[in-house]
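Only the coordinates and a few stated rules stand behind these numbers; no lab work does. Just so you know, these numbers come straight off a predicted model, no measurement behind them. Using ideal geometry, Cβ is built from the backbone for each residue, glycine included, and neighbour counts are taken over all protein chains shown.
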Amino acid sequence: MRMRAPSSTGLKAIVASAWLAVLLGSASLAACDQDAGFSPPPTAVPAVPPRPALRAAAAAVPVPVPAPLPRKILRSPGVVAGGSGEGAAAAGPVRPSRMDEGCAGAEDIAIYQRHASSLPNGVPAYKVDVMNQCLGDPGGGDCAIAGIHVRCGWFSSVNLVDPLKFRRLRHDDCLLNDGRPLLGGDTISFEYANSFPYELSVRVATCVDPTTAP
């Protein structure tokens, strides 16, 4: 039996099919090689300029302080401006008006103390003026104050002080004017000498009728 040789057209078709198969296989292998074990390159992130740091605290803004309003300063009862030094009252209030109030006892007694001439041996001396500041009738009878006791510590003096004017009875208790009345507007004075001045202040005083007082 005689066999026929394939025609040239069929041979070309077979060759073309074979090449197509080879090309498709090569393309498939290339795709697998690209995906196997590789990650896509990272996307570049555009650089952002650094943000300026916030200030820790805002600058302090000065707040204007209003000036204090003027006010009256009232003197407390029983207190006298100044101290027991030179030209000052040691105790007893200075009352602004006594015309319509009558006698007020200890509140009407003011004690003023100042430096006097020192003794020949150099010991300092002090002059004390005790005044009844009550204003009553012209004779001062409406404002008579007796039994005036003064806080005086351990009062003592190098020179002699008239005991009828001022003397110490016990610690921090001295008697003025021998306990007798001091009329309104009257002043009793004495001097003492010591290395330092004593702080003198009114302890107690009583309004009396001078006509019945001893």
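Summary of values
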quantity	calculated
Gained length - ASP209 relative to LYS127, 0.36 nm times residue gap less alpha-carbon distance	26.6 nm
In sequence order, calculated HN-Hα J values of segment 147-160 (Karplus, 6.51, -1.76, 1.60; Hz; x Gly/Pro)	x, 7, 10, 10, 6, 9, x, 9, 4, 7, 9, 5, 8, 6
R0 of 30 Å, Cβ-Cβ distance ASP178-ALA116: FRET efficiency to nearest 0.05	0.85
Cut-off 14 Å, label 7 Å out along Cα→Cβ of PHE196, residues of segment 154-185 by amide N	154-156
Virtual spin-label span in nm between ALA16 and HIS171, 7 Å along Cα→Cβ	14.2
